[in-house]
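Have a look at the structure below before the remarks.
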Amino acid sequence: MYDSIVVHYGEIGTKGKNRSFFEKKLVENLRWSLKNKFVSVKRIYGRIIIEIDQSTSINEVKENLGNVFGITNFSFAVKTSFDIEEIKKNALILIPEKAKSFRIKATRSNKTFKYSSSEINNILGEYILKNKNIKVDLENPDATIYVEITESNAFIYNEKVKSLGGLPVGVSGKVVSLISGGIDSPVSSFFMMKRGCSVVYVHFFNSTINTKQSLEKVINLVNILSKYQFKTKLYLVPFENIQKEIIKEVNSKYRMIIYKRFMLMIAEKILENEKALAIITGDAVASVASQTLENLDVIYKAVKKPILSPLIGFDKEEIIQIAKKLGTFQISILPYGDCCSYLISEHPATRSNLNEILNFEKKLNIHILSNEAIKKAIVKKFIN
């Protein structure tokens, strides 16, 4: 029945002179998502139209489009000419058999069309009432028939499928996300993709506490997140030798802070290699000892590049609910060895002093240790 998909976007429509750049990127991402299961994808005023053939799997396309940032909603539609009789007949066909009430919602971007939106509503409504045992309900109908009059065609549909919103991945540049095996970092990465960023992932592991299963856990998390962008890269960075040196020289209550500073310094080097623009963390204020404002200030001063923390004001329950929707929660709660908690004090410092931390770091050969870790990193690539 359906031969088209009408794609609507929200924020992209506010971009003024840059709007075409965002639209073109969304078209590119739609083509990638549909994996050639379309006849054409083209921009028309205020929307994108995807032409499909009768063999297209509606359920498969729904799932694919549901992973594309930049779309507010999409609809499987029938394309017709401007002939009002053709529009009437297709509107009637799209009324579900079990519906006892309906309404018509017409929009007209093509002002040369001979009927106004309200006239279309009335014409179609009268036709359906004459040909079907059904009543009009403008407030809470069983079925809504949408009619869009565009520049060259009419599109008729009966459902709007809500999507992710945000901006198309790739329009905002590349970022490097620190991903642990926990709950927060996958969610923070998701939010950055929603703002149009391409995400490169960096995970630190210690072979004395991280088993093969622990690394597979992180790989599985990134695999879930990879469905939102074309290509995904994951750096698995060995951290054991760095931690051995830190443990030799640093008081246990400050080790976590220096661990995290080292992670940021290594991430910044990877950022430069990847030509990325910012580092992403899953930090939330006061969530753990290292995430007090005082400690975050000291940790973030390890690098010059911007550090973005999308979850900074979230509470844990909010993050958990989002992780469940993403499908990362059940993987994140599996047991794993966390580098940041390796041989630290039972009561780590909650208010560190930058000068004191810098004095500890003078005893460490940061440059050599960081470069060695990057050289030994395992790089995994995900292509969907």
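Data for the structure
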read-out: Gain in span if fully extended, Ser152 to Lys324, counting 0.36 nm per residue against the direct Cα distance; value: 57.6 nm
read-out: Cα shape, segment 151-263, gyration tensor, a/c 1.5 rule; value: prolate
read-out: Relative contact order %, the chain, counting alpha carbon pairs below 8 Å whose residues are six or more apart; value: 17 percent
read-out: Structure-based [θ]222 nm, the chain - -39500 (n - 2.57) summed over DSSP H runs of at least 4, per residue, nearest 500; value: -11500 deg cm²/dmol
read-out: Sequence ranges 13-20, 234-241, 272-279, 86-93, ranked by mean other-Cβ count within 10 angstrom, highest first; value: 234-241, 86-93, 272-279, 13-20
read-out: Which listed pairs, of Lys100/Lys160; Lys275/Lys316; Lys35/Lys275; Lys260/Lys381; Lys35/Lys194, have C-alpha distances above 23 Å, in listed order; value: Lys275/Lys316; Lys35/Lys275; Lys260/Lys381
read-out: Per-residue SASA entry for Tyr336, accessible area with 1.4 Å probe, Å² rounded to 10; value: 70 Å²
read-out: Hypothetical label at Lys105: residues of segment 41-60 whose amide nitrogen lies under 19 Å (7 Å Cα-Cβ projection); value: 46-49
read-out: Length gained when the stretch Lys37-Val288 is fully extended (0.36 nm per residue, less Cα-Cα span); value: 85.7 nm
read-out: Probe 1.4 Å, all protein chains present, accessible-area order of Val171, Val136, largest first; value: Val136, Val171
read-out: Where Asp83, Asp3 fall by accessible area, highest first, once all protein chains stay in place (1.4 Å); value: Asp83, Asp3
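The values are calculated or read from the model by the stated rules, or taken from the named source; none is laboratory data. Model, not experiment: these values are computed from the prediction. Backbone-built Cβ (ideal geometry, glycine too); neighbour counts: all protein chains shown. Just the protein is used for accessible areas: all its heavy atoms, side chains included, with ligands, DNA and RNA removed. Shrake-Rupley method; radii C 1.70, N 1.55, O 1.52, S 1.80 Å.
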